[in-house]
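The values are calculated or read from the model by the stated rules, or taken from the named source; none is laboratory data. This is a predicted model, so every value here is computed, not measured. With ideal geometry, Cβ positions are generated from the backbone for all residues, glycine too; neighbour counts draw on all protein chains shown.
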Amino acid sequence: MSGEKNSNQMWGGRFASGPDAVMEAINASIDYDRVLYREDIEGSLAHAEMLAAQNIISKDDHEAIAEGLKAIEKEIENGTFAFSRRLEDIHMNIEARLAALIGPAAGRLHTGRSRNDQVALDFRLWVKRELMRIDGALKTLIEAFLARADDHAETYLPGFTHLQTAQPVTFGHHCMAYVEMFGRDRSRVTDCIARLDESPLGAAALAGTSLPIDRHMTAEKLGFREPTRNSLDTVSDRDFALEFLSLAAICGVHLSRLAEEIVIWSTPQFGFIRLSDAFSTGSSIMPQKKNPDAAELIRAKTGRLNGALITLLTVMKGLPLAYSKDMQEDKEAVFDAAETLDLMIAAMTGMVSDMEVRVDRMAAAAGAGFATATDLADWLVREVNLPFRQAHHITGRAVALAEERNVDLADLPLADLQAIDPAITEDVYHVLTVESCAKARTSYGGTAPDNVRQQIASWRERLGDET
Ligand code: ARG
C-alpha cells in the first residue's frame, strides 16, 4: 500500500516505503503502551464523571462516554480491539474507537485534559499497582525465609569474610540477614508509593485549564491521596518511575547476591544445600551434574534492572520543562523491569522454600579452618585478663601448631596449649566447639540461636500487624 512513489534508495529494509513509515515507526508507542489500557480507561471514566458533575458535559454525554469506554475495555480484553500504529498510542487508539462507537460525544471526553497529564496518570497508576504487587511478593519471600530460619536457628555453618572461613554462624542468622534486606526493599516500596500517591489528572498540557474542573474529585476517585500541586512539574515528572527502577535495582542486587550464595552452596565442594529438581537442570552430557540455572539467571537478570535504571536516568537528564516526546521512552524499561523483578522474586521464593539444607555438611565446614580461633583469644581476654593483642598472638601460635599437625584447635592436647601459655586450662575446650562459639554470640544482632528466635518472632509480629 506504500506506493512506488515513496520508494527511495535511502529508505531500505523495513522502511522501504519512505519517510511516512519511518516516522510512524519512531513515533508510535502503541506496541508497548497498550498495557496501560486499563489505567487509561479508568482515568477517562473518572475524568468524564467529574466533567458531568461540574456541568462541563451533559449527563447524556457522560453516559454515552462511560458505556463506550466499558465496551472498549471488553474489546481489548477479549482480543477483538484493532490497535493501530497510525493512531500512535493507547490514548488516541481508545479515543478514536470511542468516536467510532458513540459519535461526536466522544470529542467531549478530552475537555480540560491533555495527553500529557493523561499519560502521567496512566503510568503512575500502573507503577503504583506494580509496586503493590512487588510488595506482596517480597512479603511471601520473607515468609519463606522466616520458615527456613525457624527450622535452622541451630544449624551451624561457617560465616565468611573475603569468602574465607571467619567464624561459625547459624543458618537461621544467615536467613535473617536476607529478611532484613528484603524488609528494607519493602520499605522502599512503601516510600515510593507514598511519594507517587498524587493525581496528575487535570494538570492538562502544562499550565492547568480555564475550565472549572475538580481535581480533588478525580484524585479521590482514582485512589490517590491528593492532586499534584504544580502543573508544570506534574507533566514533567518521572521521579516515581526512577524511584521504582532504583528500588528494583537494589532489590535485584540483593537477589543476585543470594543467587550467588546459592550457586556456591550447591557446588559439590561446598554441598551446603541441594536444590530441588524444579529449580535446577541436568547436563545433556555429564550425568553427575545438577546446575543451579534459576539462581544463575536471577544473578544475570540483575543486569536488566540496572540497565533499565540507567536508561530512564539518561532519558530524563537535560530535558527542559515541561513535557518532551523523549518521555515516551520512559515505559519499556519500566515494563521490562517490573516483569523481570516479579519473575526473579517468584523463582527465588520457590528455590528458598524447596532447597534441602544439608545440616551435616554445614556443621563439618563450620568447624574447619580454625573458625573458633577468635573464641580462644576471647577466652584468654576474659579468663586470663590478657590484652587482646597478646591473646591474638598466643592464638596464632596454637593455630600454627594445629595446622602443622593437621588437626582442629579442639584436638590439641592441653599440655601442648599450656606449652604455649601456661595459664590455659581445661575450661578452654568449652569455647572451642562450633556450637558453643555460635551460642556465645548473644550480643544484640549476634548469631546465637536465641537471638535468631527472637528476631523471627519480632518479624512475624510485624508482618502480622500489617493485615
Ligand atoms: N505517547 C505519549 C507518551 O507516552 C503520550 C503523550 C503525548 N503527548 C504529546 N504532547 N505528544 O509520552
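So that you can scan it fast, the table gives a plain yes or no per residue for (1) more than 16 Å from the ligand (Cβ to nearest atom); (2) in contact with a Gly (Cβ under 8 Å, 6 or more places away or on another chain); (3) of a type in the set (S, T, N, Q); (4) at pLDDT below 90:
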{"position": "ILE285", "(1), (2), (3), (4)": "yes, no, no, yes"}
{"position": "LYS289", "(1), (2), (3), (4)": "yes, yes, no, yes"}
{"position": "ASP293", "(1), (2), (3), (4)": "yes, no, no, no"}
{"position": "ILE298", "(1), (2), (3), (4)": "yes, no, no, no"}
{"position": "LYS317", "(1), (2), (3), (4)": "yes, no, no, no"}
{"position": "GLN328", "(1), (2), (3), (4)": "no, no, yes, no"}
| request: Give me a count of the residues in the range 63-91 that are under 32 Å from the mean Cα position of the chain (by Cα), within 16 Å of the ligand (Cβ to nearest atom) and either in contact (Cβ under 8 Å) with a residue 60 or more places away in the chain or assigned to a helix (DSSP H, G or I) (or both). | output: 4
| request: Considering only residues that are in contact (Cβ under 8 Å) with a residue 24 or more places away in the chain and over 38 Å from the mean Cα position of the chain (by Cα), look in the range 22-54 and name the one that is nearest to the ligand (Cβ to nearest atom). | output: LEU51
| note | Per the filter on the range 341-389, residues touching a strand residue (DSSP E or B) at 6+ places or on another chain (Cβ under 7 Å), closer than 19 Å to ARG274 by Cα and surrounded by 15 or more Cβ atoms within 10 Å (Cβ to Cβ) are MET355, VAL357, ARG358, MET362, ALA363, ALA365, ALA366
| message | When you check GLY350 against the structure, is it more than 16 Å from the ligand (Cβ to nearest atom) and touching a helix residue (DSSP H, G or I) at 6+ places or on another chain (Cβ under 7 Å), yes or no? | response | yes
| said: List the residue pairs whose Cβ atoms are under 6 Å apart, where the first residue sits in the range 114-140 and is free of Cβ contacts under 8 Å to residues at least 40 places away in the same chain and over 13 Å from THR234 (Cβ atoms), the second is more than 13 Å from the ligand (Cβ to nearest atom) and not hydrophobic (A, V, I, L, M, F, W, C), and the two are 6 or more positions apart or on different chains. | reply: none
| said: Return the residues of the range 199-225 that are over 19 Å from GLU49 (Cβ atoms) and touching a residue at least 60 places away in the same chain (Cβ under 8 Å); say none if nothing qualifies. | reply: ALA205, LEU206
| Do we have any residue at all in the range 109-130 that's touching a His at 6+ places or on another chain (Cβ under 9 Å) and of a type in the set (Lys, Arg)? | yes
| message | Exactly one condition in (1) under 17 Å from ARG441 (Cα atoms); (2) at pLDDT 95 or above is false for GLY183; which is it? | response | (1)
| query | Is at least one residue of the range 226-245 touching a helix residue (DSSP H, G or I) at 6+ places or on another chain (Cβ under 9 Å), under 30 Å from LEU121 (Cβ atoms), touching a residue at least 40 places away in the same chain (Cβ under 8 Å) and surrounded by fewer than 17 Cβ atoms within 10 Å (Cβ to Cβ)? | reply | yes
| said: Can you tell me which condition GLN167 does not meet? The list is (1) at pLDDT below 95; (2) part of a helix (DSSP H, G or I), and all the others hold. | reply: (2)
| task | Residue by residue through the range 381-405, note down the ones that are of a type outside the set (S, T, N, Q), in contact (Cβ under 8 Å) with a residue 12 or more places away in the chain and within 20 Å of GLU435 (Cβ to Cβ). | result | GLU383, ALA398, VAL399, ALA402
| remark: Only one of (1) surrounded by fewer than 18 Cβ atoms within 10 Å (Cβ to Cβ); (2) of a type in the set (Lys, Arg); (3) within 30 Å of VAL357 (Cβ to Cβ) does not apply to ARG186, and that is (1)
| request: Would you please name the residue that is farthest from the ligand (Cβ to nearest atom), looking only at residues in the range 92-140 that are among the polar types (S, T, N, Q), in a helix (DSSP H, G or I) and surrounded by fewer than 23 Cβ atoms within 10 Å (Cβ to Cβ)? | output: THR140
